[in-house]
Structure formats: structure tokens, C-alpha cells
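Written below as C-alpha cells is the structure these notes are about.
The values are calculated or read from the model by the stated rules, or taken from the named source; none is laboratory data. The structure displayed is predicted, hence computed values, not measured ones. Cβ placement follows ideal geometry from the backbone for every residue including glycine, while neighbour counts extend to all protein chains displayed.
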Ligand code: 4H4
């Protein structure tokens, strides 16, 4: 999978390209990232990428042409390397809410061309002519699309085969809706007693069936408390067992 990111701040992407499990996966060739700075696609001496909004108003707007030139260069580069084309995805608070399903879909695809806006936004003519999808990280306004793109890349790359040493870790993460759809259960590690608080005895029992049941019940309890909507979603998908339903009925 290859991700292309059009951004005025390419160095920001070192977070996923060079660090942690995503950095290791990038080094192993499990995925590839290419950043493209619109300033490289300007032709004036000031390398102008933004200008004042027509109709007045605060701030600046990103100009269409440098972005369009960058998209063309990316398409040519991907074609030259026999890479499949990829959708142009603009990051914006008005986009489709990114979630684990989006991450899973992206992880199974040839990738995406992320357009990271800055300033007040992007010239609508670029959006109309070149943007295939708009994705949002959440209902809040960031200074730029980069942090949203980086978060989405991280959530996606960890799902790629080989990224995580123990495939199990990705499967048990919260929101892994293809399997459980529930929030993750609590985790504990050494020391066995911390400030007088011991690890739950069941986790020390060595009884794996009991441990699995306890973890499932913790997930059900945590999800009921923090994200009751996911309980109904899991039920609708047939992901709850009779034992799950019995436990849910026992909750206060
Ligand atoms: C768009 C900032 C619009 C301000 C932006 C305005 C997100 C998000 C995001 C750079 C873009 C911001 N991207 N998920 N949330 N003119 N991007 O906030 O409406 O104030 O993905 S404006």
C-alpha cells in the first residue's frame, strides 16, 4: 500500500514514517509514504500557494493550481512505478467520519492521495475537479489536515500483515469491528502489586477459558458504560453470544 500526502509540512509525517511500529513497517517495505509539497509546484519567485479570499473575509485560501499540479505528478509517479491509482482524499471537518471500518478498507486498498489543507481552506474548484472523498478525524477544527492524515495512516498501517509482531494485538484492539466490535478489556503487567493494588486474581490463575470470559465481560461492561451504541451495533451484527446477553442483563 502506498500513501501520498500533499502537504506544506512534509516533516510532520516522520511520526509515522520513521517512528514506532509504523516506522518499522515502512522500513520493511510493508507500506510506502511519499510526501509532496505544493510549493514545489509553483512558478513565481515567492512560491505562492495561498491568497486572499474573493468576497473578503479572514485568513487565506489555498490556491488550486499548485495542488492540481501535485496530483498530476503523483498520478504520473504511481503509473511510472506500475502502482494502481488511488483516490484523492481531502481531510476536512466536513468529511466522512473516519473509523475502524475506513481504516480496514484503506488497508486492503492500493492506498490514497491525502490532501492536507491549511489556512481557511482550499479553492472549491480544486475540490470539485480533483477530490474523490473527504474524510474527517472528528468534529473539531485542526490547524491543518496533517495530524488527521497521520492518525488515519497509523490506524491503517497497524492492520497491514506484518506490521504488528503478534497479529493478535491488532485483532483485539478496540473497535476491531470485524471481530468483536467492543471496547478493549483492561491490561495489566508487572509488578503484580502496585501501590497496594493487585492484578485481578483471575489473570494470575492460568485458566485461559476463565481469563477469556473475564476479559469478554470487562469489554461488555466497559462498552456498556462508555459506548452503549457499540453494544447495539454488535448485537445487530450477530456478534453477541447468549452468554454475553446473560452477562449484559446482569449489569445494573
Ligand atoms: C478546514 C481548518 C476548515 C479550518 C480546516 C476550517 C480536519 C478534521 C481539520 C485544516 C482544515 C483543518 N481534517 N479532520 N477535523 N475555515 N482540518 O480540522 O472552517 O475554519 O480532518 S474553517
Before we move on, is residue 237 surrounded by fewer than 13 Cβ atoms within 10 Å (Cβ to Cβ), touching a residue at least 12 places away in the same chain (Cβ under 8 Å) and within 30 Å of residue 104 (Cβ to Cβ)? yes
Are any of the residues in segment 155-169 outside any helix (DSSP H, G or I), in contact with a strand residue (DSSP E or B) (Cβ under 7 Å, 6 or more places away or on another chain) and at pLDDT 95 or above? no
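Per-residue answers, yes or no, for (1) within 16 Å of the ligand (Cβ to nearest atom); (2) over 12 Å from the mean Cα position of the chain (by Cα):
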{"site": "92", "(1), (2)": "yes, yes"}
{"site": "96", "(1), (2)": "yes, yes"}
{"site": "102", "(1), (2)": "yes, no"}
{"site": "105", "(1), (2)": "no, no"}
{"site": "109", "(1), (2)": "no, yes"}
{"site": "116", "(1), (2)": "yes, yes"}
{"site": "119", "(1), (2)": "yes, yes"}
{"site": "122", "(1), (2)": "yes, yes"}
{"site": "126", "(1), (2)": "yes, yes"}
Test for residue 34: is it closer than 22 Å to residue 134 by Cβ, away from the ligand (no atom under 16 Å from the Cβ) and not in a loop (DSSP other than H, G, I, E, B): yes
Residues that are within 8 Å of the ligand (Cβ to nearest atom), assigned to a strand (DSSP E or B) and either touching a residue at least 24 places away in the same chain (Cβ under 8 Å) or more than 25 Å from residue 57 (Cα to Cα) (or both): does segment 140-147 have at least one? no
Which of the residues spanning segment 200-239 are outside any helix (DSSP H, G or I) and either within 21 Å of residue 100 (Cα to Cα) or modelled with pLDDT under 95 (or both)? 227, 237, 238, 239
List the number of the failed condition for residue 16; all other conditions in (1) more than 14 Å from the ligand (Cβ to nearest atom); (2) assigned to a helix (DSSP H, G or I); (3) without any contact (Cβ under 8 Å) to a residue 60 or more places away in the chain hold. (3)
For segment 62-117, give me the residue count where each residue is in a loop (DSSP other than H, G, I, E, B), closer than 15 Å to residue 134 by Cα and in contact with a strand residue (DSSP E or B) (Cβ under 8 Å, 6 or more places away or on another chain). 5
